[in-house]
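Colleague: Once you've had a glance at the structure underneath, I'll fire off some questions.
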Amino acid sequence: MTAAATQGISTRGFATNSPEAKFEPFNFVRREVGPNDVLIDIEYCGICHSDIHQAKNEWPDLMPATYPMVPGHEIIGRVSQVGDNVTKFKVGDAAGIGCFVDSCRTCGACTSGIEQYCMNLAAYTYNGTEMDRVTPTYGGYSDKYVIDENYALKVDVDGDLAGVAPLLCAGITTYSPLKRFNVGPGQKVGIVGLGGLGHMGVKLAKAMGADVTVFSTSPGKEADARKLGADNFVISKDAEAMGALRNSFNFILDTVSAAHDLMPYVGLLGYGGAMVVVGVPPEPSMFHQGSLIMGNRILAGSLIGGIHETQEMLDFCAKHNVTADVEVITPDRIEEAYDRTIKSDVRYRFVVDMKHA
Ligand code: NAP
Ligand code: ZN
Ligand code: ZN
């Protein structure tokens, strides 16, 4: 497959052409580096479950799939070219790209630093368009990205960047709600689902000083959960163990990627406790209003984070030595990684090596 274009930067990527299709090489052209742009040579790109939902068109109403699709929004690499006006980066710097690459810059959300909620719709890193609303965006399963410097993140890491890539989505998506609800020492925090987001949630909540319990459907993940820092591990189908924990949590983060009953988790919250859902299952989940009302509890959603907060998260991770636990794969293994992620057999983020692709 090759996308037609007259000039620009030749880019090698991996695309899927339908919900069932396999990934195959896809050569396309990125825009030339403009005065405010940086060119990033991509080293690694994480595989987020959102890539799978979109590649398989599982969110037809929320984010309909457009093909060819080059997914990937956990991008890390090195700057290889800078535009004349660029001040934030120099050639050779490590740089990251998350879930969006531009936004309107003028709406209330953009001017408040929460560009992910841009009222005019941000330009998503893939399966979207640039702000011209015409040019398709292609993601990080590719070897290069051209991005305005204001939407790229600075990464202060000398060593291997593979474990840093997942911070650009899984990291910020878990960091932002933990900060919003002031998670810290003396607080009991639950993380539901030990996948890519969940394992970052455990590491970050621990780094913030909380007491962390993992709720999982996979008994085989207990040892890993404790190694990641969890103080407690509960099989969510164990009614007795769940019952013993009722009304005891300050905060719960639900990262589950498939439809499930929310009530057992809401019931674990203490008076005024909050549960934030970040997982976006294709089907609606079950929920009874009474479980919120009896205890003045809060149920909220959260979408990634803005550029400023993403930078804050990267700096927090650098300071606390937090990176993702990754399994690095070559691009020919993307389908295998998707299949294993769908089966909850991810330990704990697949990262595609684009350096040698
Ligand atoms: P993931 O790595 O596949 O992890 C999801 C975990 O959920 C699994 O490992 C599994 O953990 C649990 N799970 C899966 N199926 C389940 C089921 N039927 N019942 C109960 N638990 C189940 O996925 P991810 O990349 O972390 O993403 C998680 C979700 O967050 C996805 O829906 C993704 O689209 C969404 N997301 C949202 C945002 C946002 O901004 N809000 C950002 C990124 C991703 P156990 O084995 O421990 O049970
Ligand atoms: Zn993601
Ligand atoms: Zn905006």
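Colleague: Limited to region 288-304, what total is found for residues that are out of contact with any Cys (no Cβ under 7 Å at 6 or more places or on another chain) and on the phi > 0 side of the Ramachandran plot? Lay out the reasoning, then the answer.
Modeller: Let us first name the residues in region 288-304 that are out of contact with any Cys (no Cβ under 7 Å at 6 or more places or on another chain), namely 288-303.
If we keep only those that are on the phi > 0 side of the Ramachandran plot as well, we get 295-296.
Number of matching residues: 2.
Colleague: It is to be established whether one or more residues within region 282-301 are assigned by TED's automatic domain parsing to the domain that holds S236, aliphatic (A, V, I, L, M) and in contact with an Asp or Glu (Cβ under 8 Å, 6 or more places away or on another chain).
Modeller: Checking region 282-301: at least one residue is assigned by TED's automatic domain parsing to the domain that holds S236, aliphatic (A, V, I, L, M) and in contact with an Asp or Glu (Cβ under 8 Å, 6 or more places away or on another chain).
Colleague: Here is a follow-up. Restricting attention to region 76-88, and to residues there that are crowded, with 20+ Cβ neighbours inside 10 Å and more than 16 Å from ligand 2 (Cβ to nearest atom), which single residue is nearest to A170 (Cα to Cα)?
Modeller: Within region 76-88, the subset crowded, with 20+ Cβ neighbours inside 10 Å is 76-77, 79, 82, 86.
Imposing the further condition that a residue be more than 16 Å from ligand 2 (Cβ to nearest atom) reduces the set to 77, 79, 82, 86.
On the way: G77: 17, V79: 22, V82: 27, V86: 28 Å.
Ranking the candidates gives G77 first.
Colleague: Mind telling me which of the residues S103, S112 ends up being of a type in the set (S, T, N, Q), crowded, with 21+ Cβ neighbours inside 10 Å, over 21 Å from S10 (Cα atoms) and away from ligand 2 (no atom under 14 Å from the Cβ)?
Modeller: S103
Colleague: Under the condition of being aliphatic (A, V, I, L, M) and under 17 Å from Y117 (Cα atoms), which residue from region 277-327 is farthest from ligand 1 (Cβ to nearest atom)? Quick ask: steps written out before the conclusion?
Modeller: Looking only at region 277-327, we keep the residues that are aliphatic (A, V, I, L, M), and these are 277-278, 280, 286, 292-294, 298-300, 303-304, 307, 313-314, 318, 322, 324, 326.
Subset that is under 17 Å from Y117 (Cα atoms): 277-278, 280, 300, 303-304, 307.
Values: V277: 8, V278: 4, V280: 4, A300: 11, L303: 4, I304: 4, I307: 14 Å.
Among them, the one singled out is I307.
Colleague: Can you name the residue in region 115-129 that is within 15 Å of Y151 (Cβ to Cβ) and among the hydrophobic types (A, V, I, L, M, F, W, C) and is also surrounded by the fewest Cβ atoms within 10 Å (Cβ to Cβ) among such residues?
Modeller: The selected residue is L121.
Colleague: Within region 106-160, can you find the residues that are over 19 Å from the mean Cα position of the chain (by Cα) and within 16 Å of ligand 1 (Cβ to nearest atom)?
Modeller: The one that is over 19 Å from the mean Cα position of the chain (by Cα) and within 16 Å of ligand 1 (Cβ to nearest atom): A109.
Colleague: Could I ask something else about it? Please give the number of the condition G273 fails out of (1) outside any strand (DSSP E or B); (2) in contact (Cβ under 8 Å) with a residue 12 or more places away in the chain; (3) over 25 Å from E58 (Cβ atoms).
Modeller: Answer for G273: the failing condition is (1).
Colleague: If a residue must be of a type in the set (G, A, S) and assigned to a strand (DSSP E or B), how many such residues does region 276-331 contain? Write out each step before concluding.
Modeller: First pass over region 276-331, keeping only residues of a type in the set (G, A, S): 279, 285, 290-291, 295, 300-302, 305-306, 318, 324.
Filter once more, keeping what is assigned to a strand (DSSP E or B): 300-301.
Of the residues in region 276-331, 2 are of a type in the set (G, A, S) and assigned to a strand (DSSP E or B).
Colleague: Same structure again: Can you spot a residue in region 152-175 that is surrounded by fewer than 24 Cβ atoms within 10 Å (Cβ to Cβ), touching a residue at least 12 places away in the same chain (Cβ under 8 Å) and of a type in the set (S, T, Y)?
Modeller: No, the conditions are met nowhere in region 152-175.
Colleague: May I ask you to verify whether P25 is over 25 Å from D353 (Cβ atoms), of a type outside the set (D, E, K, R) and more than 15 Å from ligand 2 (Cβ to nearest atom)?
Modeller: On the way: over 25 Å from D353 (Cβ atoms): no; of a type outside the set (D, E, K, R): yes; more than 15 Å from ligand 2 (Cβ to nearest atom): yes.
Taking the combined requirement at face value, the residue does not satisfy it.
Colleague: Right, another one. Name the one entry in L197, L204, L178 that is at pLDDT 95 or above, closer than 29 Å to E130 by Cβ, buried (at least 24 other Cβ atoms within 10 Å of the Cβ) and not assigned by TED's automatic domain parsing to the domain that holds Y124. Step through it out loud before you land on a result.
Modeller: Numbers: L204 fails: closer than 29 Å to E130 by Cβ; L178 fails: closer than 29 Å to E130 by Cβ.
Exactly one residue qualifies, and that residue is L197.
Colleague: Moving on to the next point. Based on what the data block shows, is A225 surrounded by 24 or more Cβ atoms within 10 Å (Cβ to Cβ) and either among the aromatic types (F, W, Y) or within 27 Å of L167 (Cβ to Cβ) (or both)? Full working, then the answer.
Modeller: Working: surrounded by 24 or more Cβ atoms within 10 Å (Cβ to Cβ): yes; either among the aromatic types (F, W, Y) or within 27 Å of L167 (Cβ to Cβ) (or both): yes.
Yes.
Colleague: With (1) surrounded by fewer than 15 Cβ atoms within 10 Å (Cβ to Cβ); (2) assigned to a strand (DSSP E or B); (3) within 14 Å of ligand 2 (Cβ to nearest atom) as the list, and L62 as the residue in question, which single condition is left unmet?
Modeller: For L62, the failing item is (2).
Colleague: Would you check which residues across region 295-307 are more than 21 Å from the chain's Cα centre (by Cα) and either over 20 Å from F181 (Cα atoms) or modelled with pLDDT of 95 or more (or both) and list them?
Modeller: Initially, region 295-307 is screened for residues more than 21 Å from the chain's Cα centre (by Cα), giving 295-298.
Across region 295-307, the qualifying residues are N296, R297, I298.
Colleague: Of the numbered conditions (1) within 20 Å of the chain's Cα centre (by Cα); (2) in contact (Cβ under 8 Å) with a residue 60 or more places away in the chain, D93 fails exactly one; give the number of that condition.
Modeller: Tallying (1) within 20 Å of the chain's Cα centre (by Cα); (2) in contact (Cβ under 8 Å) with a residue 60 or more places away in the chain, D93 fails exactly one: (1).
The values are calculated or read from the model by the stated rules, or taken from the named source; none is laboratory data. Just so it is clear, the structure is predicted and the values come from calculations on it, not from any experiment. Every residue, glycine among them, receives a Cβ derived from its backbone with ideal geometry; neighbour counts consider all protein chains shown.
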